Amino acid sequence: MNAMDTVVQGALLGGLYALFAMGLAVIYGVMRQVNIAHGDFIVLGAYSAFVVVAATGLSPFVVAPLTALVFAAFGYALQRTIINRTLGNAILPPLVVTYGLSIIIQNVLLQVFSADARSIQIGALGTASVALGAHLAVGWFPLIVFGTALAVAALLEFVFNRTSLGMAFRAVADDPEIAQVMGLRDGQLFAYATAISLAVVALAGVFMGIKFTFAPADGPNFLIYSFEAVVIGGLGSFWGTFAGAIILGVAQAIGFALNPGWGILAGHLVFLAVLVYRPTGLFARSAQ
Amino acid sequence: MVPSPLVEVRNVSKRYGSLTVTANVSLTVDAGEVLGILGPNGAGKTTLFNIMSGDVAPDAGAVFLAGADITKLPPHERCRRGIGRSYQIAKPFGGLSVYENVLVAALFGGRRSGREANAVCAEVLELTGLMRKANRLAGTLTLLDRKRLEFARALGTGPTVLLLDEIAGGLTDHEAQDVVATVSAIRERGIAVIWIEHVVHALLAVATRVIVLDAGAKIAEGEPHAVINSPQVQRVYMGVDVEVEVGA
């Protein structure tokens, strides 16, 4: 395996991590909260698509946007009915409640699907690749994931910086109490943010289910990757999160190339190094 | 037909533990009036605004806007019904530009369409002298410009009642005169203004009526010059305030 190949495959893996991480970044960016069940929602997205594909025979690429729509509606309802009730001056209640959701999702999935690993099949596309030079080939599917992640980052940047909804998101993130006095309904804005987050999470989940096998307890790892990508990239821009995810993917690929046991560890080390030397992240954008 | 009174605060009280910050205060304001609120530091002036804007729930009493009881309404709903306020300690949305700060207030608080909201922003920024800084991030403004932005953002919500909390403090005489002229222009549009201000001469230049608070209670109300010259107000308000400033 040559070095160029390692970096390219790592960057493509980073595309998937970017989809994982942007959902987390949306919620953190608007509510200053971390959704502990984030990784479990990714796994839930994969199982949802798995069931629909098995029942209908539809292409996973058709099922993915449908799953995103359903997850958006679910996210809106979840925020309005449960998570909004936990928000206040204390930071612990939303963490505890989303941690509880994480446990519930894992156990329901275990009950319904058993601990067996599953995967979503896409047929020949799963192995098709395009040659880039003599020693480098890139899979079509990883390219599709990477392209989707780019598009999602661009769309989120547009929504947050160029629309009135995005302006309201940034205002309520700055100061939720003042925002209310200026006529913004924070509970509703939070529900929109969670809807957007879970739509991205659903896409990430379906793509994850195509790329990897998945089992009910896989969620917490994905939460950690998402969190690491957000921290490496720094807060305030989805391009930063995207870049952080690419760095994480490349780090894991290089670690893995050196020794099959070092892949995940290499990603954690990069994350720790960023925390130590540049805790605001590599691409942070800040008002101050 | 504008309802009269436009705003009524009726027998409002608020305690924090054993400390009474608002004691059975009532007031009314009509459209086109400028009601000045005077009182030493800690008299409960800002708490009264917090109760009106919905930041703080009173222990007793009620707030009415255009005849409707709004005591239980959340802050965003009160804003949309016409209560606009500024904060004594300026709290702009630091990550938004000056323009966006006013725009978000006009769009969501003022329920304006995009085109109308942009027109409101242009007008308000011109009025408050912030037009040339419209694209600056609000977090990078000087203290003085933050105060101007407080005023601008409150106006952006399209209020029928405007609550101004010490917007003239720290200004030069000339700048304070500009603020007085602006408040005067706002009043002439039929907006009711309630203005907490320590810069007494600025307040007296435009107030149609003043009330004086001390230790949470209303101790005087009436024609501005008569109130400010009454012996009780001279003793309580001026006396205490001078001592505080000498001590500080």
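The values are calculated or read from the model by the stated rules, or taken from the named source; none is laboratory data. Everything numeric in this text was worked out from a predicted model, so none of it was measured. Note: ideal-geometry Cβ built from the backbone for every residue, glycine included; neighbour counts use all protein chains shown.
Quick look at the values:
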read-out: Lone unmet requirement of (1) within 10 Å of another protein chain (Cβ to nearest Cβ); (2) free of Cβ contacts under 8 Å to residues at least 12 places away in the same chain for B:LYS91; value: (2)
read-out: The stretch B:47-69, residues that are away from chain A (no Cβ under 13 Å) and within 16 Å of B:VAL161 (Cα to Cα); value: B:LEU48, B:VAL63, B:PHE64, B:LEU65, B:ALA66, B:GLY67, B:ALA68, B:ASP69
read-out: Residues of the stretch A:80-92 classified as surrounded by 14 or more Cβ atoms within 10 Å (Cβ to Cβ) and of a type outside the set (A, V, I, L, M), total; value: 3
read-out: Matching entry among A:ALA25, A:ALA49, A:ALA55 (being over 22 Å from A:ILE120 (Cα atoms) and part of a helix (DSSP H, G or I)); value: A:ALA25
read-out: Condition check for A:GLN9: buried (at least 24 other Cβ atoms within 10 Å of the Cβ) and not hydrophobic (A, V, I, L, M, F, W, C); value: no
read-out: Of the criteria (1) modelled with pLDDT under 95; (2) within 12 Å of A:VAL26 (Cβ to Cβ); (3) not β-branched (Val, Ile, Thr), which one A:SER197 fails; value: (1)
read-out: Residue, surrounded by the most Cβ atoms within 10 Å (Cβ to Cβ), within the stretch B:190-242, restricted to residues that are at pLDDT 90 or above and of a type in the set (D, E, K, R); value: B:GLU197
read-out: Every residue from the stretch A:153-191 that is crowded, with 22+ Cβ neighbours inside 10 Å and away from chain B (no Cβ under 14 Å); value: A:ALA153, A:LEU156
read-out: So A:ALA18, is it surrounded by 24 or more Cβ atoms within 10 Å (Cβ to Cβ) and in contact with a Gly (Cβ under 7 Å, 6 or more places away or on another chain); value: no
read-out: So B:ARG15, is it part of a strand (DSSP E or B) and among the charged types (D, E, K, R); value: yes
read-out: Hits in the stretch B:138-168 - residues which are surrounded by fewer than 19 Cβ atoms within 10 Å (Cβ to Cβ), hydrophobic (A, V, I, L, M, F, W, C) and either in a strand (DSSP E or B) or without any contact (Cβ under 8 Å) to a residue 40 or more places away in the chain (or both); value: B:LEU144
read-out: So B:THR47, is it among the polar types (S, T, N, Q), assigned to a helix (DSSP H, G or I) and touching a residue at least 24 places away in the same chain (Cβ under 8 Å); value: yes
read-out: Options A:ALA137, A:ALA168, A:ALA124: the member that is small (Gly, Ala, Ser), touching a helix residue (DSSP H, G or I) at 6+ places or on another chain (Cβ under 9 Å) and free of Cβ contacts under 8 Å to residues at least 12 places away in the same chain; value: A:ALA137
read-out: Flag if A:GLY57 is at positive phi and either of a type in the set (Gly, Ala, Ser) or in contact with an Asp or Glu (Cβ under 6 Å, 6 or more places away or on another chain) (or both); value: yes
read-out: Some residue of the stretch B:31-38 being among the small types (Gly, Ala, Ser), in a loop (DSSP other than H, G, I, E, B), in contact with a helix residue (DSSP H, G or I) (Cβ under 8 Å, 6 or more places away or on another chain) and without any contact (Cβ under 8 Å) to a residue 60 or more places away in the chain; value: no
